Structures are given as C-alpha cells and as structure tokens.
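Q: Below are the structure tokens for one structure; questions will follow.
The values are calculated or read from the model by the stated rules, or taken from the named source; none is laboratory data. For clarity, every value in this text was computed on a predicted model and none was experimentally measured. In this analysis, Cβ positions are derived from the backbone assuming ideal geometry, glycine residues included, and neighbour counts consider all displayed protein chains. The accessibility values were calculated without ligands, DNA or RNA, using every heavy atom of the protein model including side chains. Shrake-Rupley method; radii C 1.70, N 1.55, O 1.52, S 1.80 Å.
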Amino acid sequence: MSDEFYTLKIAGLERKLKMFSVSDSLDIAAFILFGDVELTEACAKALLEKCPDFDYIITPEAKSIPLAYEMSRISGKKYIVARKGVKVYMDNPVEYTVRSITTQKVQTLYLGHEDGDDLKDKRVLIVDDVISTGESLSAVQGLVKAFGGNIVASCAPLAEGDAADRDDIIYLEKLPLFFK
C-alpha cells in the first residue's frame, strides 16, 4: 500500500485517489464509488447526458453497481448485474471468461435467462466504473450478444491508460496509469 494520492476532477467534483501497486512496474489510482453517494450521483447524471437512448443497463458485479443503480433510478430503466458466480436462482446461466487488470486473475461473469432473455432485441447500455484493458467490458459484451441484445454504448466515469484512445466507449475523464 502507498501513502501517495492522485487528484481527480470529475463531474464537477474533486477526489484524492489512493495509489496502489498492481505489479513491480505499475501503480494505479483507486477509483471507488462505494460509499461516495455524491460522486456516484454526479457521475451517473453526467454519463446519462452523454449516452444514447437505451432500454436496459447491464453492469458487471463490481464497483460499478451503485453507478448502474443511480443511472437506472434517474432514467427509469431497469439494470441487470452480470454475476461473478452462479446463483441458485439463475436459470441456465451463460458464462463468459476474461482476465482483468484489477482482479489480477481470470474471472468469469454469468447471466441467467431470468434476466438475459429480457435483453433480446433491446437497446443495451453497458456501465462500468473504470475501463482499462477492456476485458471486463468484453465479457459483458459477450453476454449481451449471447442473449441477442443490441449494445448502443459502453460507458464509465473513467478511461484508464490507453482506453482513453478508444472511440467505442463513452467516459467522463481519463485516468493515467503510473509506470515505475
């Protein structure tokens, strides 16, 4: 752990993000929405202003859940969570496996037919907290496509590192990577 911070200005707010080492050569600034209602509300509102029309929101089971909830509350559209594990209530779940920079391991996301079937032929907005390597995003995209949903956009408050150069995502601010 580190005592260093990165100052982020986003959606009219300023936050000091604590720095953490993810490898011998790389640090990241931790953007955590959990517990920060003001930041979650501001980012949700700002992202919705930039996003196209949609019927459903989907998010991975991660720090983006409060953001998806708030975007759902504001827009009046349902949100769905792609789960990290199979739950007993899931009807014949579909799985998609990825490797994420923040989890530092292979992770599998699951979506059951009780939610996934609702996505067929619908306009789907993918919401995450930070898009970095795009692996988590790819997993959610794979699940949406498996259920016949039409992805209208993928969004996050932050694009980390090279993700800010992508033209297929919507984000509010760039978050640098810190190489040692």
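Q: Leaving out ligands, DNA and RNA, what percent of the accessible area of the stretch 137-180 is carbon and sulfur, probe 1.4 Å?
A: 45 percent
Q: From a point 7 Å beyond the Cα of TYR89 in the direction of its Cβ, which residues of the stretch 114-134 have a backbone N at a distance under 19 Å?
A: Counting only backbone N, you get 114-119.
Q: If you don't mind, there's one more thing I want to ask. Check the straight Cα-Cα distances from LYS50 and name the lysines below 18 Å, setting aside those fewer than 8 residues away within the same chain.
A: LYS9, LYS77, LYS174
Q: Here's a follow-up. Counting only C-alpha contacts under 8 Å and six or more residues apart, can you give the relative contact order of the chain as a whole percent?
A: 22 percent
Q: Turning to a different aspect of this structure: Suppose all protein chains stay in the model; what accessible area per residue would a 1.4 Å probe give for the chain, in Å²?
A: Result: 50 Å² of accessible area for each residue.
Q: Leaving out ligands, DNA and RNA, and with a 1.4 Å probe, what % of the accessible surface on the stretch 15-91 is carbon or sulfur?
A: Exposed carbon and sulfur together represent 53 percent of the surface.
Q: Shifting gears a bit: Looking only at the stretch 1-150, where both bridge partners belong to it, what percent of the DSSP beta bridges are antiparallel (to the nearest 5)?
A: Antiparallel bridges: around 65 percent, rounded to the nearest 5.
Q: Then there is this: Which loop chymotrypsin sites (Phe, Trp or Tyr not before Pro) in the stretch 1-71, with loop taken from DSSP, have no more than 12 other Cβ atoms within 10 angstrom of their Cβ?
A: PHE34
Q: Here is a follow-up. Give me the net charge of ASP162's neighbourhood, meaning all other residues with Cβ under 14 Å from the Cβ of ASP162; Lys, Arg count +1, Asp, Glu -1.
A: -3
Q: Once you order the gyration tensor axes a ≥ b ≥ c over the Cα atoms, which shape class does the stretch 110-160 get: rounded for a/c under 1.5, otherwise prolate or oblate by comparing a/b with b/c?
A: Cα axes put the stretch 110-160 in the prolate bin.
Q: For LYS18 paired with ASP165, estimate the spin-label separation in nm (one decimal), with each label point 7 Å from Cα along the Cα-to-Cβ line.
A: My value for the distance between the label points is 3.2 nm.
Q: Rounded to the nearest 500 deg cm²/dmol, what is the calculated helix-only ellipticity per residue at 222 nm for the chain, with -39500 (n - 2.57) per DSSP H run of length n ≥ 4?
A: Rounded to the nearest 500, it is -6500 deg cm²/dmol.
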